[in-house]
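Throughout, read-outs are computed from the coordinates displayed, never taken from laboratory work. Nothing here was measured: the structure is a model prediction, and the numbers come from that model. Virtual Cβ from ideal backbone geometry, glycine too; neighbours counted across all protein chains shown.
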Amino acid sequence: MIATEELVMPQEQLEFCTGSPFTAQYDFTQINTHFETRSLDDLLEWALATFGQKVSQVTSFGPTGMVILDRLAKIAPGMRIITLDTHFLFEETYALMEQVQQRYPIELDIRRSHLTPEAQAAAYGPALWQSTPDHCCHLRKVVPLGEAMSELDAWITGLRRDQSPTRTHMPLITWDNKYDLVKLNPLAGWTRGQVWSYILEHNVPYNPLHDQGFASIGCTHCTHPTTNAADERSGRWQGRTKTECGIHLA
């Protein structure tokens, strides 16, 4: 059993952390209970001390992800942050991506599909996101992220319990069977209001589309504004039963 006391390791020692102490059979109950009452920084520092350079944040620069990125940039300057460029993102998202790189001392690792949009259209039709959206997400998100995950022992997400009914009981720390590594949801217990209070108080950059009614922002073809405050993801894949792109599904 790994200790759940505060673990703070000097930044220069992080590179020597090798090998995850966790497996699919590990019971995270005690660790989750411990961190439910601790700060975001406490959990992030524990993750860095435990996994070293084998942990990375994966973000699409949503509000929760930006709060985590803002803290990581202060705690671990130079840390690798992974993002996915599907080639179908909003111009505002690309502009935010550039703003993040200019403002924060991070190493942004941008992952893309090996299929260009043109090659995908030639192979599967001109609008795969409309005919078979799950397959489009698989090609442009799941596969590229899977390649990045093979290099990690743990990943940090921006998921929150209040984002949608499917995330209500999400733990802070769990085993990710899809990618065979530890998954950390450090702001799972935060509310949307808490996230935005932090962003405004600390002047954290965010996607201006949020000011236009977009609660959750993905690709241009599959993202719309929403007035459903109880389900931030209701603006994604409207008119379909699909609620997730696939990277968070086992």
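Points to keep in mind about this one:
- Average Cα contact separation per residue, region 38-235, under 8 Å, 6 or more apart, as relative contact order %: 25
- Using only Cα coordinates, the Kirkwood hydrodynamic radius of region 38-235 works out to 17.5 Å.
- Beta bridges per DSSP, both residues in region 38-235: antiparallel share near 30 percent.
- Averaging the sequence gap over all C-alpha pairs within less than 8 Å and six or more residues apart, then dividing by the number of residues, gives region 71-185 a relative contact order of 20 percent.
- Virtual spin-label span in nm between T23 and A127, 7 Å along Cα→Cβ: 5.0
- Point-to-point label distance, Q194-T33, nm (Cα→Cβ direction, 7 Å offset): 2.0
- Using 0.36 nm per residue and subtracting the Cα-Cα separation, the extra length available between Q102 and D41 on full extension is 19.7 nm.
- Counting 0.36 nm for each residue step from D211 to H224 and taking away their Cα separation leaves a gain of 3.4 nm.
- For region 174-180, Karplus couplings with θ = phi - 60° (6.51, -1.76, 1.60), whole Hz, Gly/Pro x: 8, 8, 9, 5, 5, 10, 6
- Between amide H atoms placed 1.01 Å from N, distances below 5 Å from S216 occur with G235, all of them 5 or more places distant or on a separate chain.
- Of the residues P126, P21, T50, the one whose Cα sits farthest towards the positive end of the charge dipole of region 8-154 is P126 (charges of +1 on Lys and Arg Cβ, -1 on Asp and Glu Cβ, taken about the Cα centre).
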